[in-house]
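Data first, discussion second: the structure below is written as structure tokens.
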Amino acid sequence: RLERAAYEVDRAARQYHAVEPENRLVARNLELVWEEKLRAHRELNEQHERIQREQPRDLTVEDRDQIHRLSKDIPAIWNAPTTTDADRKAILREIVNHVEVNVEGKSEWVEAWIHWAGGNKTYTRFQRPVAGHSQLSKGQQIIDRISELLGTLMSVPKIAEQLNTEGFKTPRRKSFDASRVTKIMIRNGLHSKRRNQNRVTELGKDEWFIADLMKETKCSYEKLRRLILANVLTGKKDKQGRWTVKADELTLKALATKAIRQPKPFDVKQ
């Protein structure tokens with residue numbers, strides 16, 4: 001197209017110069033045609049130069065040798081400061097065929113097999129964040145350990161430190177603090193023996209601590225909490241953050257037989 005445009009410019013120029021001077025109208029028309037051909041040629045030339053700049057340059061022998069060397073050391077390319085995230089994704093698309101992932105039940109443990117483009121296969125096992133302690137493979141062990149440490153009259157902050165020292169993690173793979181330990185205690189009916197509390201006198205008629213209600217009805221903490229927030233059950237929190245729930249005999253029976261529907265998340269007003 002560029003060569004054809006250059007020929008058209010040359011042809012228009014020859015036609016203009018060949019016209020007799022007295023034929024002014026013809027000369028003017030030929031001049032306009034010449035200018036139009038010049039403009040079209042200039043635009044094509046700018047487009048051609050832009051394409052030339054954007055096109056990758058031809059690889060030299062040295063370039064090819066360097067690519068061959070780097071292809072044998074993928075970690076060096078991956079960790080290079082000049083390698084972008086987009087480059088890493090492109091590398092993965094070239095070297096990974098597909099990945100198989102298998103979650104071990106509902107636990108935090110995940111198995112994965114990476115199938116490489118060359119036909120080899122790599123196995124790995126890692127931990128993922130989960131929703132609650134019931135999904136942790138060591139969930140019951142954490143609860144038992146907290147109960148054991150409470151029996152030694154250890155404070156809740158110290159229990160959190162001890163759990164971190166022993167390598168335990170929360171469902172979100174974070175370290176324990178006093179707040180997280182307290183939540184586990186509330187949900188599992190654990191109490192600090194450091195406090196001399198008479199829990200019976202704190203309860204009114206048909207009132208239950210939520211931990212005791214969980215044991216009585218076999219309902220989960222989350223279900224009871226949702227029922228309270230949805231105003232299906234009447235409950236309140238004390239200064240220690242414990243839920244006290246109103247439940248008469250009929251309510252206990254309905255909870256135990258699952259006659260009371262558990263609200264969906266969008267039914268609960270936080």
Give me the 1.4 Å probe accessible area per residue for the chain, excluding ligands and nucleic acids, in Å². 72 Å²
Among 74, 160, 208, whose Cα projects farthest towards the positive end of the dipole of the chain, with charges put on the beta-carbon of Lys, Arg (+1) and Asp, Glu (-1)? 208
Quick one: check the C-alpha center-to-center distance for segment 201-226 versus segment 137-167, whole angstrom. 24 Å
Angle between the chain longest axis and helix 2-18 axis [Cα atoms, degrees, rounded to 10]: 30 degrees
Taking the C-alpha atoms of segment 1-156, how large are the radius of gyration and the largest Cα-Cα span, Dmax, in Å? 35.6, 118
Going down the table (138/169; 174/237; 106/258; 138/218; 223/253), which pairs top 18 Å between alpha carbons? 174/237; 106/258; 138/218
Comparing 102, 120, 23, which has the greatest mean-square fluctuation in the GNM of the chain with Cα pairs linked when under 10 Å apart? 23
Exposed loop GluC sites (Glu not before Pro) only (DSSP loop, at most 13 other Cβ atoms within 10 Å): please give the longest stretch of the chain free of them, not including the sites. 167-270
Taking the Cα centre of segment 7-155 as origin, work out the dipole magnitude from +1 charges on Lys and Arg Cβ and -1 charges on Asp and Glu Cβ, in debye rounded to 20. 420 debye
Enter the accessible area of residue 74 (Å², nearest 10), with the probe set to 1.4 Å and all protein chains included. 50 Å²
Nearest 10 degrees is fine. How inclined is helix 156-165 to the longest principal axis of the chain, computing both from alpha carbons? 50 degrees
Of the trypsin sites (Lys or Arg not before Pro) in segment 1-108, which ones lie in a loop per DSSP and count no more than 14 other C-beta atoms within 10 Å? 1, 57, 72, 106
Most mobile listed residue (132, 118, 235) in the chain, GNM with C-alpha springs under 10 Å: 118
For the chain, set up a Gaussian network in which alpha carbons nearer than 10 Å are linked by springs, and say which option among 159, 77, 210 fluctuates the most. 77
Ignoring any ligand, DNA or RNA, what whole percent of the accessible area of the chain comes from carbon and sulfur when the probe is 1.4 angstrom? 50 percent
For a quick size check, give me the Cα extents of the chain along its three principal axes, largest first, whole Å. 121, 52, 33
With +1 assigned to the C-beta of every Lys and Arg and -1 to the C-beta of every Asp and Glu, and no other charges, what is the dipole magnitude of segment 119-176 about the Cα centre in debye, to the nearest 20? 440 debye
0 to 90° range, to nearest 10: angle between helix 61-71 axis and the chain longest Cα axis: 10 degrees
To the nearest 20 Debye, how big is the dipole of the chain about its Cα centre, given +1 on the beta carbon of each Lys and Arg and -1 on that of each Asp and Glu? 2160 debye
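The values are calculated or read from the model by the stated rules, or taken from the named source; none is laboratory data. Note that this is a predicted model, so its numbers are computed, not measured. Glycine gets a Cβ as well: all are built from the backbone with ideal geometry, and neighbour counts include every protein chain shown. Just the protein is used for accessible areas: all its heavy atoms, side chains included, with ligands, DNA and RNA removed. Shrake-Rupley method; radii C 1.70, N 1.55, O 1.52, S 1.80 Å.
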